[in-house]
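The values are calculated or read from the model by the stated rules, or taken from the named source; none is laboratory data. The shown structure was predicted, so the numbers you read here are calculated from the model rather than taken from an experiment. Reconstructed Cβ throughout: ideal geometry from the backbone, glycine too, with neighbour counts over all protein chains shown. The protein model used for the area step is the full one, side chains on, heavy atoms only, and it has no ligands, DNA or RNA in it. Shrake-Rupley method; radii C 1.70, N 1.55, O 1.52, S 1.80 Å.
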There are 2 protein chains.
Amino acid sequence: MKWKSPYLVEPHEKLRLAHRETSGLSNSPFVSKSGVHTPETAAPVLVKHRDRLAKLQEVLYASQTHSVLIVLQGMDTAGKDGTISHIFSGINPQGCDVASFKVPTPLEARHDFLWRVHEKTPPRGQIVIFNRSHYEDVLSPRVHKLIDGKTVKTRLDQINAFEESLHDNGTLILKFFLHISHDEQTRRLQARIDDPEKHWKLSDADFKERQFWPQYQDAYEEAISRTSRKHAPWFVIPANHKWYRNLAISEILVEGMKSLKLEYPKPTMDASKIKL
Amino acid sequence: MKWKSPYLVEPHEKLRLAHRETSGLSNSPFVSKSGVHTPETAAPVLVKHRDRLAKLQEVLYASQTHSVLIVLQGMDTAGKDGTISHIFSGINPQGCDVASFKVPTPLEARHDFLWRVHEKTPPRGQIVIFNRSHYEDVLSPRVHKLIDGKTVKTRLDQINAFEESLHDNGTLILKFFLHISHDEQTRRLQARIDDPEKHWKLSDADFKERQFWPQYQDAYEEAISRTSRKHAPWFVIPANHKWYRNLAISEILVEGMKSLKLEYPKPTMDASKIKL
């Protein structure tokens, strides 16, 4: 499909994250078209998107012709969990799964890096959200120099082939990088520190990884530039404002699912001949 | 825990489905205590239950000490899908999965009947809803005389041992039989026949299985009587009225999850020592 979103990374574009907005409020299609510029003015639009998503999910489930794979990536605190709970609460849980990819188990580590990912891809009729994904395998190992640049390129090629195959088998793939500024991450971590109820969420690792911010931004730029394709586009979503992030992502989901032109299946029996 | 629900099947009780209500409106704790007797008066209570469930799910997910397994069984059209979409929309899909058990695959059929079921049980922190379950293996094969009474009893013993083991490892198990009358099934099937938009849902098999209604009721009575235990109780829910069914089930879920006395985990690091 032809995307009109300003957040799309065009195929073969050389992404520069520093040139991409984290706030979204200047030059936004929502602000200019619909006058949406605050959480309050965004709320009814988000409700509309959620209702549409719920309806599209119903037809997706009934038709069993396509599946939807949503990839969420971003720096720590970028809002992956919040995106899931805000946009997908309201969808029938029967048709929507979330797969989180943590440190690989010993068995997973003995397989190629796409093995455990393939297992979690959506069957026809289903939406699956990847909370982190196969892209982690070209980020953290890269930043910490556990793999070299050649291995990164090889993996990115493998990812392209893998995603193209999923697409050709009926999967709509939409990938979102939740783009926050370094300052915003500072604010969010400080908010966790200031709130004793959120202390259980704090971990040493988050603060250590934060020191590698520039290296991660570089790794993301390469990964996204090389894997944003027509069959599996990346969107760099301004994510400093949670409400704006939810609005922008849900709109792209609605547009993407509408483009599948889903239809309820034909009856398998003649209802007029049934006697109860 | 000590259940006050009138829909509980007491351990070792000999269940008679004919003596259990399908409407729920006479002798209901909701009607007598809260004056709830219509969909309109039930709506705010259901919203309250859903909000509580959403909060309980959050602590469940954070604490990682327990898991919740919900088993939904019932005759065709009893409302298993509707229960899931009405009660669990609103819950964060990250913490809630649905497992549907259809005809076993060739590989599944080569395993014991609990193999594929065990794989789908909830890890700590998670709610999993079984839309049909291991109980199917003592229902349809029984009704169609593919297994004898001795095999049924053996399987029910195995189910008890399996569920007790899950319970002892931290899983809250709640099992619901959605109890509709034969007349109500007739009405629901007729409604599908009358609505061309629902014809795709019609299948020959539903109408064939309907002829075995009494045999299924017998099979359910035996299965439920033998497997309603303190560690894994069955509830026979009046399900002719969808709003009443949703109310009754969601109340039991809230009570059950409250009884776990879930708490947010302790912090793993000292927040006062963090410098950003």
(message) Summing both sides, how much accessible area is buried between B and A? Use a 1.4 Å probe and give Å² to the nearest 100.
(response) 3000
(request) Starting from the Cα gyration tensor of the stretch B:128-276, multiply each eigenvalue by 5, take the square root, and state the resulting semi-axes largest first in whole Å. (result) 38, 24, 14
(message) Give the lysines reachable from B:LYS275 as a straight Cα distance under 17 Å; neighbours fewer than 8 places away on the same chain don't count.
(response) A:LYS198, A:LYS201, A:LYS208
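Between B:SER259 and B:LYS230, what length comes free when the chain is fully extended (0.36 nm per residue of separation minus the Cα-Cα distance, one decimal in nm)?
Details: separation 29, 0.36 × 29 = 10.44 nm, distance 1.34 nm.
Taking B:SER259 through B:LYS230 to full extension adds about 9.1 nm, to one decimal.
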(message) At 1.4 Å probe radius, can you tell me the per residue accessible area of the stretch A:61-143 in Å²?
(response) 37
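Ranked highest first by the average count of other Cβ atoms within 10 Å around their residues, in what order do B:120-126, B:189-195 fall? Walk me through the numbers before you get to the answer.
Values: B:120-126: 17.6, B:189-195: 13.9.
Going from most to least packed, we get B:120-126, B:189-195.
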(message) Quick check: with the 1.4 Å probe, what order do B:ARG16, B:ARG229 take by accessible area, largest first?
(response) B:ARG16, B:ARG229
(request) Note the angle between two axes, namely the Cα long axis of helix A:182-194 and the longest principal axis of the Cα atoms of chain A, as a number of degrees from 0 to 90, rounded to the nearest 10. (result) 90
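Restricting to DSSP H runs of at least four residues, report the calculated mean residue ellipticity at 222 nm for chain B, -39500 (n - 2.57) per run over all residues, nearest 500 deg cm²/dmol. Write down the numbers at each step before the final one.
Details: 11 runs with 125 residues, N = 276.
The per-residue figure over chain B is -14000 deg cm²/dmol.
Would you kindly give the portion of the calculated P(r) for the protein assembly as shown that falls above 37 Å, as a percent of all Cα pairs?
Details: 56619 of 152076 pairs.
Here the long-distance tail beyond 37 Å is 37 percent of all Cα pairs in the protein assembly as shown.
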(request) Within the stretch B:250-267, find all residues whose amide N lies under 15 Å from a label point positioned 7 Å from the Cα of B:LEU25 along Cα-to-beta-carbon. (result) none
(request) With +1 on each Lys and Arg Cβ and -1 on each Asp and Glu Cβ, and nothing else charged, work out how big the dipole of the stretch A:17-261 is about its Cα centre, in Debye to the nearest 20. (result) 360
(request) Step through the residues of the stretch B:93-109 one at a time and calculate ³J(HN,Hα) from phi using the Karplus curve (6.51 cos²θ - 1.76 cosθ + 1.60, θ = phi - 60°), rounding each to whole Hz and writing x for Gly and Pro. (result) x, 5, x, 9, 10, 10, 10, 9, 10, 9, 4, x, 6, x, 5, 4, 5
(request) Have a look at B:ALA109, B:PRO141, A:SER63 and report the one farthest towards the positive end of the charge dipole of the protein assembly as shown, computed about the Cα centre with Cβ charges (Lys/Arg +1, Asp/Glu -1). (result) A:SER63
(message) I need the inter-copy label distances for B:PRO6: point set 7 Å along Cα to C-beta, values in nm with one decimal, smallest first.
(response) 6.0
(message) What do you get for the angle between helix B:39-63 and the principal long axis of chain B? Use alpha-carbon atoms, 0 to 90 degrees, nearest ten.
(response) 50
(request) Between B:THR65 and A:ALA191, with labels modelled 7 Å along Cα→Cβ, what's the label distance in nm to one decimal, could you check? (result) 2.8
(request) Leaving ligands, DNA and RNA out of it, report the carbon-plus-sulfur percent of the accessible area of the stretch A:74-138 at a 1.4 Å probe. (result) 52
(request) Note the angle between two axes, namely the Cα long axis of helix A:149-168 and the longest principal axis of the Cα atoms of chain A, as a number of degrees from 0 to 90, rounded to the nearest 10. (result) 10
(request) Rank B:ARG52, B:ARG226, B:ARG110 by mean-square fluctuation in a GNM of chain B with C-alpha springs under 10 angstrom and give only the top-ranked residue. (result) B:ARG110
(message) Need the per-residue list for the stretch B:177-201: every residue with at least 30 Å² less accessible surface in the complex of protein chains than in the chain by itself, probe 1.4 Å, sorted by number.
(response) B:ILE193, B:HIS199, B:TRP200
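Calculated FRET efficiency, B:ILE147 and B:ASN169, Cβ-Cβ r, R0 25 Å, to nearest 0.05? Working shown, then result.
Numbers: r = 29 Å, r/R0 = 1.14.
The computed FRET efficiency comes out at 0.30.
May I ask which of B:LYS4/B:LYS33; B:LYS48/B:LYS258; A:LYS80/B:LYS273; A:LYS175/B:LYS55; B:LYS55/B:LYS242 have a Cα-Cα span longer than 21 Å here? Don't skip to the end; give the middle numbers.
Details: B:LYS4/B:LYS33 13 Å; B:LYS48/B:LYS258 14 Å; A:LYS80/B:LYS273 27 Å; A:LYS175/B:LYS55 29 Å; B:LYS55/B:LYS242 24 Å.
Listed pairs above 21 Å: A:LYS80/B:LYS273; A:LYS175/B:LYS55; B:LYS55/B:LYS242.
Quick one, can you get me the convex hull of the C-alpha atoms of the stretch A:7-140 expressed as volume per residue in Å³? Kindly include the intermediate steps, with their values, before the conclusion.
On the way: hull volume 21.4 nm³, N = 134.
Taking only Cα atoms, the stretch A:7-140 has a hull volume of 160 Å³ per residue.
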(request) Give the distance, in whole Å, between the Cα centre of the stretch A:3-53 and the Cα centre of the stretch B:1-67. (result) 42
(message) Just to confirm the numbers: A:ARG187, label point 7 angstrom along the Cα-Cβ line, distances to the other copies in nm, shortest first?
(response) 5.4
(request) Quote the FRET efficiency, to the nearest 0.05, computed for B:ASN160 versus B:LYS201 with a Förster distance R0 of 25 Å and r equal to the Cβ-Cβ distance. (result) 0.10
(request) Normalise the Debye intensity by I(0) for the stretch A:17-261, one equal point scatterer per Cα, no solvent, then take log10 at q = 0.08 Å⁻¹ and round to two decimals. (result) -0.31
(message) Taking a point 7 Å out from Cα toward Cβ as the label site, list the nm distances between A:PRO44 and the same residue in every other copy, smallest first.
(response) 2.5
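Under 8 Å for C-alpha pairs, at least 6 residues apart: give me the relative contact order for the stretch A:17-261, rounded to a whole percent.
Numbers: 313 pairs, mean separation 78.9, N = 245.
Value for the stretch A:17-261: 32 percent.
Taking 0.36 nm per intervening residue step and subtracting the Cα-Cα distance, what contour gain separates B:HIS37 from B:LYS14 on full extension? Numbers along the way, then the final one.
Details: separation 23, 0.36 × 23 = 8.28 nm, distance 2.96 nm.
Once the chain is fully extended between B:HIS37 and B:LYS14, it gains 5.3 nm.
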